[in-house]
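Remarks on the structure that follows.
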Amino acid sequence: QVQLVESGGGSVQPGGSLRLSCAASGSITGLYVMAWYRQAPGKQRELVAVIGSFGTTNYADSVTGRFTISRGDAANTVYLQMNSLKPEDTAVYYCKYQRGPYDSWGQGTQVTVSS
C-alpha cells in the first residue's frame, strides 16, 4: 500500500509560480508512474503531468511550457513546478501513484490564481 501527501499549494497572482510536492511512502517498487491531476469546481478531474520510472514525462496541452514535473533525489518524491500561472489553473491538485492496476491518490492541495 502506498500513501501520498501533497504540499505546496496556496494563493498566487497571475504570472506567479508555485512548486507542489508529493511525498510517497509504503511499498514503492518496480515500474510505476507518478502523476499530477487537478480538479476545478464543477469540472472533471484532468491529467496535468506524468513521469514514468525512467523519467519520461508527458503534459496536458494547457500546461506545456509552463509546468515541469520532476523527481526528487529520493525516488519517492515528485514535484510539479508551475510557472506563469493563470486564473484557469485554479483547482485542487492531486498526486497519483500507479503500478499496473493498482493506484493510490493523495488528499489534494488547493491552488488559487487570482489578482
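The values are calculated or read from the model by the stated rules, or taken from the named source; none is laboratory data. Since we're looking at a predicted model, the values are computed, not measured. Cβ sites come from the backbone with ideal geometry, for glycine too, and all protein chains shown count toward neighbours. With ligands, DNA and RNA removed, areas are computed over all heavy atoms of the protein, side chains included. Shrake-Rupley method; radii C 1.70, N 1.55, O 1.52, S 1.80 Å.
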| note | Accessible-area order for THR109, THR68, largest to smallest, probe 1.4 angstrom, reads THR68, THR109
| request: Give the carbon-plus-sulfur fraction of the accessible surface of the chain in %, rounded to a whole number; probe 1.4 Å, heavy atoms of protein chains only. | output: 49
| query | Using a Gaussian network model of the chain with C-alpha springs under 10 Å, which one of ILE51, ILE69, ILE28 is most mobile by mean-square fluctuation? | reply | ILE28
| message | I'd like to check one number: the per residue accessible area of the chain, probe 1.4 Å, reported in Å² as a whole number. | response | 53
| query | What list of ³J(HN,Hα) couplings, whole Hz, do you get for the stretch 55-69 from phi and the Karplus terms 6.51, -1.76, 1.60, once you set θ to phi - 60° and write x for glycine and proline? | reply | x, 5, 10, 8, 9, 5, 4, 5, 10, 4, x, 10, 10, 9, 9
| message | Give me a comma-separated list of calculated 3J(HN,Hα) values for the stretch 100-113, in order, Karplus coefficients 6.51, -1.76, 1.60 applied at θ = phi - 60°, integers in Hz, x for any Gly or Pro. | response | x, x, 8, 9, 9, 10, x, 8, x, 9, 7, 10, 10, 10
| Spin-label point model (7 Å from Cα, Cβ direction): what's the SER27 to TYR102 distance in nm? | 0.4
| Once the Cα gyration tensor of the stretch 41-96 is found, what semi-axes does its equivalent ellipsoid get, as square roots of 5 times the eigenvalues, in whole Å, sorted largest first? | 21, 12, 11
| query | Which is the longest stretch in the chain that no exposed loop site breaks, taking sites as trypsin sites (Lys or Arg not before Pro) with a DSSP loop state and at most 16 other Cβ atoms within 10 Å? | reply | 67-115
| task | Can you quote the Å³ per residue value for the convex hull of the Cα atoms in the stretch 1-72, rounded to an integer? | result | 123
| remark: Here, ALA74 and GLN1, labelled 7 Å along Cα→Cβ, have an inter-label distance in nm of 2.0
